[in-house]
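Presented below is the structure to which this report refers.
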Amino acid sequence: MERLLNYGYIKSEKVKKAILKVPREEFIPPENKQYAYIDQPLPIGKGQTISAPHMVAIICEKLALKKGMQVLEIGTGFGYNAAVVSEIIGPKGHVYTIERIEKLKNIAEQNLKRTGYSDNVTIIYGDGTKGYEEKSPYDRVYATASAPKIPEPLKKQLKIGGRLLTPIGLDTSVQELLCLSRVGEDDYKSYNLGGVVFVPMIGEHGWPE
Ligand code: SAM
């Protein structure tokens, strides 16, 4: 926590409180639990990772989350980032999170239930590059996997005035975190938050399998 504060990754009290409250060790496989509070990504199986705490802090800060927001996440993993977002947006908010690997989706479901977040986080098994139109439009959309360009359905499922955060890469290793605001029906403004490393977003509007 000190590192996240000292390096300026955590800027607000609400993000600090949420990261302190969500037990990260509950979202990590047994063999790696001792590393839960080290600031690095950790393997969760199937070639995927739980994001490093500083990356979760950056995402939560840049999303400028508020109580009651409706949020879409692409890439549930073991459910940690979704739990932190849920903690910030509170019981009137809701996180819809999409995971394409069934085994991870099932473990995330157990993790979120055990830690008390399952009422406010819904996991969808499928291709997140298509978004989740059923509950759109969203106040916030974010992805924890990197696509070659922003998937068009995610842009369309964002509210006007909403914000989208996603890593984008020309290949799977060189990536930048993009922040996109929807300012009108077909009007978006974007800015680049700098270099990041995420696993690939695989799907119809992402990388091929
Ligand atoms: N949000 C996670 C956390 O809390 O640490 C991070 C998960 S990991 C960095 C990214 C996840 O995105 C992986 O579990 C991967 O299977 C998933 N993923 C990749 N492409 C996807 C897609 N098209 N739809 C849904 N999930 C996808």
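The values are calculated or read from the model by the stated rules, or taken from the named source; none is laboratory data. Remember, it's a predicted structure, so these values are computed and weren't measured experimentally. Methodologically, a virtual Cβ is constructed for each residue, glycine included, from the backbone with ideal geometry; neighbour enumeration extends over all protein chains shown. Note: accessible area is taken over every heavy atom of the protein model, side chains too, but ligands, DNA and RNA are not part of it. Shrake-Rupley method; radii C 1.70, N 1.55, O 1.52, S 1.80 Å.
By its C-alpha gyration tensor, with a ≥ b ≥ c as the square roots of the eigenvalues, how is the chain shaped: rounded for a/c under 1.5, else prolate for a/b larger than b/c, else oblate?
Verdict is rounded for the chain.
Between segment 123-187 and segment 13-49, the alpha-carbon centres lie 24 Å apart.
So between Glu13 and Lys92, what do we pick up on full extension, going 0.36 nm a residue minus the alpha carbon distance?
26.5 nm
Can you tell me the relative contact order of segment 2-196? Whole percent, Cα pairs under 8 Å, sequence separation 6 or more. Once normalised by length, the contact order is 15 percent. Sequence-distant contacts, meaning Cα pairs under 8 Å at least 6 residues apart, place the relative contact order of segment 1-113 at 25 percent. Only Lys, Arg, Asp and Glu carry charge here, each on its Cβ (+1 for the first two, -1 for the last two); on that basis the chain has a dipole of about 660 debye about its Cα centre. Going down the table (Lys105/Lys135; Lys46/Lys156; Lys16/Lys130; Lys46/Lys66), which pairs top 28 Å between alpha carbons? Exceeds cut-off: Lys46/Lys156; Lys16/Lys130; Lys46/Lys66.
Could you tell me what percent of the DSSP beta bridges with both partners in segment 2-196 are antiparallel, to the nearest 5? Among the beta bridges of segment 2-196, antiparallel pairing accounts for roughly 50 percent. Peptides 93-102, 121-130 ranked from most to least packed by the mean count of surrounding Cβ atoms within 10 Å: 93-102, 121-130.
Nonpolar atom fraction for segment 1-115, defined as the carbon and sulfur part of the 1.4 Å probe accessible area, stands at 53 percent.
Highest GNM mean-square fluctuation, the chain, Cα pairs closer than 10 Å: which of Gly90, Gly184, Gly169? Residue with maximal mean-square fluctuation among Gly90, Gly184, Gly169: Gly184.
Ligands, DNA and RNA are left out, and with a 1.4 angstrom probe the accessible area of segment 2-196 is 46 Å² per residue. Computed over every Cα-Cα pair of segment 97-156 and binned at 5 Å starting from 0, the pair-distance distribution P(r) comes out as 4, 16, 26, 23, 19, 9, 3, 0 percent.
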